[in-house]
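Beneath this line is the structure, given in structure tokens, with notes to follow.
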Protein chains: 2
Amino acid sequence: MAQTRTLDREEPNYFGAGPALLPTSVLQQAAYDLINYNDENLGIGEISHRSKPAIQVIDDTKANLKSLLNIPDTHEVFFMQGGGTTGFSSIVYNLFANYAKKTNGKKGKAAYAVTGSWSKKSAEEAQRLGFDVDIVVNTKDKKFAEIPPYSEWKPIDAESTAYLYVCDNETVHGNEYKDTPAPDYLPEGVELVADMSSNILSKKIDVSKYGLIMAGAQKNIGLAGLTIYIIKKSLLEQPSDEELNKYGIPLPPIAFHYPTVVSNNSAYNTIPIFTCHILKLVTQRLLDNGGLEKQEEINKKKAQVLYEALAKYPNFYRLPVTSESARSNMNVVFTLPSDELEAKFIKEASENKLTGLKGHRSVGGMRASIYNAVTLNSVELLVDFVKEFADKNA
Amino acid sequence: MAQTRTLDREEPNYFGAGPALLPTSVLQQAAYDLINYNDENLGIGEISHRSKPAIQVIDDTKANLKSLLNIPDTHEVFFMQGGGTTGFSSIVYNLFANYAKKTNGKKGKAAYAVTGSWSKKSAEEAQRLGFDVDIVVNTKDKKFAEIPPYSEWKPIDAESTAYLYVCDNETVHGNEYKDTPAPDYLPEGVELVADMSSNILSKKIDVSKYGLIMAGAQKNIGLAGLTIYIIKKSLLEQPSDEELNKYGIPLPPIAFHYPTVVSNNSAYNTIPIFTCHILKLVTQRLLDNGGLEKQEEINKKKAQVLYEALAKYPNFYRLPVTSESARSNMNVVFTLPSDELEAKFIKEASENKLTGLKGHRSVGGMRASIYNAVTLNSVELLVDFVKEFADKNA
């Protein structure tokens with residue numbers, strides 16, 4: 001079956017929201033390494049997660065992330081199996097445990113900024129697990145069309161609040177915080193926690209401002225199955241199990257217990273090492289290509305040309321994110337005047353080899369996800385099509 | 001870098017315990033599919049987990065498992081991210097929730113048979129999460145050298161016990177239940193729960209006898225990152241979150257909630273579809289090669305020739321599992337008279353391209369893991385070496 005096949009492919013113009021496109025050169029390298037890694041005559045996925053080559057992959061990936069994101073020594077990087085959903089759950093257990101440690105047993109509460117379906121699900125999970133949640137902003141009634149100014153957010157009670165949770169880029173609804181969220185709004189002592197699943201490594205960030213950054217790898221930088229955590233080291237301090245029971249804080253499943261994961265170099269629960277290897281290759285490629293400064297420049301350009309093209313036809317293409325400053329540089333969401341036109345758009349785009357453009361089932365319309373692996377060339381082809389389609393059908 | 005490489009490799013004689021060897025032909029197919037799946041010019045890891053091709057992979061894998069294991073309609077198959085560790089945690093939450101449903105709110109207890117390090121960790125996790133655990137058998141003091149006859153197990157209180165948990169094959173210590181565990185011992189109404197992470201699909205089993213089978217894929221059948229669950233459908237019934245709170249049963253993180261996973265066709269938490277695809281290819285290959293009847297025959301033969309060779313030198317090779325009937329057909333653990341001889345064995349075996357033989361760090365000695373993907377030919381080469389080494393050094 002495989003004999004006549006090759007590892008080549010035409011460069012895809014694929015705008016799927018996740019799992020998403022990866023650089024072809026990374027996949028080719030990974031394909032070889034799946035069968036014979038480092039000339040060991042054994043694949044990278046077949047070796048023990050505690051073997052030297054596996055530990056090297058984990059350590060290299062961590063080092064690449066530290067270098068790309070300029071992660072200070074105050075912060076630790078680790079990996080867990082899972083995606084955004086296991087991520088937002090694990091945060092609840094661990095950050096409330098740390099808060100209890102800091103306050104000698106207070107249960108506390110958390111502030112959640114609900115700006116799309118992912119932050120909404122995250123807030124619901126914290127409540128479901130038995131914690132008090134303050135929804136400090138909620139744009140659901142506005143269909144998540146904006147991120148309101150911080151002056152309109154409900155003030156945070158610094159005395160009783162463990163952390164503020166934001167979703168830095170809402171994949172489904174296409175809005176994004178362009179700078180560090182909540183700079184002057186956040187009281188000292190309350191930790192900033194951000195889900196960056198769909199925009200991690202797309203831009204420079206100031207890690208020192210965050211208590212915790214969590215990112216599922218599958219959207220911007222890797223395969224499904226691995227989640228990156230960047231945590232302020234002081235947040236790893238937790239009470240004992242007995243103390244947690246006394247305080248009425250639920251224990252996480254042991255694989256979710258950050259101190260255990262960190263003290264086992266991310267391999268307590270067997271790390272999917274092939275998936276981590278892909279992350280290593282992706283981060284290495286970013287470093288080789290000029291780091292996040294360069295990648296951010298390309299990503300801004302991509303978003304700019306696409307939003308500009310859409311904005312030229314304001315009566316034809318509608319942008320549900322009405323606040324321009326909140327429009328995501330990763331997920332460009334837009335709609336057309338009718339279902340028929342949307343179906344026609346998808347069909348004709350596909351005939352032009354522009355694929356993955358259908359919007360999320362909960363929102364409809366179109367969504368062009370233009371993650372790191374999507375080239376400026378792909379976006380320019382989409383821009384051409386956007387213009388042609390409007391000229392013909394508007 | 002990649003241009004001169006091929007997807008070929010010499011057949012490895014690799015006996016690592018996990019992540020472990022996979023069939024070369026499966027990895028080759030997967031390597032192509034990583035880049036271009038079904039001639040879509042897109043890799044299997046880059047498509048949405050809710051797309052038709054991804055759903056097809058999930059459904060095909062389930063169908064293959066149903067066919068191979070002859071799974072009755074009374075049982076459901078589903079997948080979760082994770083490995084054995086997330087597996088044994090998730091079982092605690094879900095089975096106690098189901099028990100509360102059946103008993104109108106009783107918390108109940110669970111029986112654990114501790115016959116190695118994995119069942120030991122599983123029992124500790126159930127206790128850690130706040131449940132009463134009856135250790136009905138514990139062979140730790142005997143260094144897990146046997147599985148005692150059921151007449152010696154502590155009787156189970158059927159009135160208050162939700163389930164009996166066994167680890168069907170203890171990877172670290174090399175013991176295995178050869179038939180369905182606890183046949184006459186288990187009272188009616190108490191569910192049999194088995195961790196089969198390291199021997200699933202190695203032999204025929206009677207699924208109807210089990211309440212739940214859990215198996216991390218990474219040892220016998222796939223890459224790390226995916227766990228198979230086969231559950232009696234009636235065990236999916238659970239109280240509401242409010243009721244669980246009232247009963248004092250902790251809620252699992254939402255990604256661990258079996259009813260949610262099942263109702264979302266294993267894709268609530270994004271399924272690592274590349275890993276699932278490998279599982280599909282592995283199960284398809286098993287079906288094509290004659291199913292589990294044929295594979296079991298080969299596995300028994302492999303274990304038989306290896307144990308026989310070791311037994312020929314009883315003063316040289318020691319088998320820590322003293323009870324012959326409990327010796328694992330998957331993980332053959334043995335030791336030599338001195339650390340020096342063990343180091344020499346590992347070194348010379350490696351020079352003969354027989355690798356992955358070092359025992360688990362907690363046990364020492366040697367371990368030959370002879371999972372499905374390890375061929376009879378590899379085992380025969382190891383047998384030759386075992387004999388030669390003894391003849392020279394005994």
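Here is how far apart the B:P148 label points are across copies: 6.5 nm, shortest first, using a point 7 Å from Cα toward Cβ.
Expressed to the nearest 5 percent, the antiparallel share of DSSP beta bridges inside chain A is 50 percent. Contact order for chain B, expressed relative to its length and based on alpha carbon pairs under 8 Å spaced 6+ residues apart, stands at 23 percent. Helix screen, chain B: DSSP H segments with Cα axial length of 15 Å or more and mean Kyte-Doolittle hydropathy at least 0.0 are B:24-35, B:84-102, B:273-288, B:376-393.
Model label points for B:T103 and A:L341, set 7 angstrom from Cα along the Cα-to-Cβ axis, are 6.2 nm apart. In the protein assembly as shown, helices alone account for a calculated mean residue ellipticity at 222 nm of -11500 deg cm²/dmol, with every DSSP H run of four or more residues adding -39,500 (n - 2.57).
Applying the criteria of a DSSP loop state and at most 15 other Cβ atoms within 10 Å to the trypsin sites (Lys or Arg not before Pro) of segment B:33-80 yields B:R50. The fewest-to-most ranking of A:I230, B:I298 by surrounding Cβ atoms within 10 Å reads B:I298, A:I230. Classified by the C-alpha gyration tensor, chain B has an oblate form. Its axis ratio a/c, with a ≥ b ≥ c, is 1.5 or above, and a/b does not exceed b/c. At a Förster radius of 45 Å, what calculated FRET efficiency corresponds to the Cβ-Cβ distance of B:R5 and A:E237, to the nearest 0.05? Here the calculated transfer efficiency is 0.45. The modelled label-to-label distance for the pair B:N70/A:D39, using points 7 Å beyond Cα in the direction of Cβ, is 5.0 nm. Anything over 27 Å Cα to Cα? Flag those among A:K280/A:K302; B:K106/B:K154; A:K52/B:K347; B:K62/B:K209; A:K107/A:K219, in the order listed. Cα-Cα > 27 Å for A:K107/A:K219; rest within. Near A:A326: Cβ cut-off under 14 Å, other residues only, Lys/Arg at +1 and Asp/Glu at -1. The net charge is -3.
Placing R0 at 56 angstrom, the Cβ-Cβ distance between A:D184 and B:E124 gives a FRET efficiency of 0.75 after rounding to 0.05.
With both labels modelled 7 Å from their Cα along Cα-to-Cβ, the A:A158 to B:K301 distance reads 7.4 nm. When each of A:L69, A:L287 is scored by the number of other beta-carbon atoms lying within 10 Å, the sequence from fewest to most is A:L287, A:L69.
Computed from the coordinates by the stated procedures, all read-outs in this text should not be read as laboratory data. Since this is a predicted model, take the numbers as computed values, not measurements. Methodologically, a virtual Cβ is constructed for each residue, glycine included, from the backbone with ideal geometry; neighbour enumeration extends over all protein chains shown.
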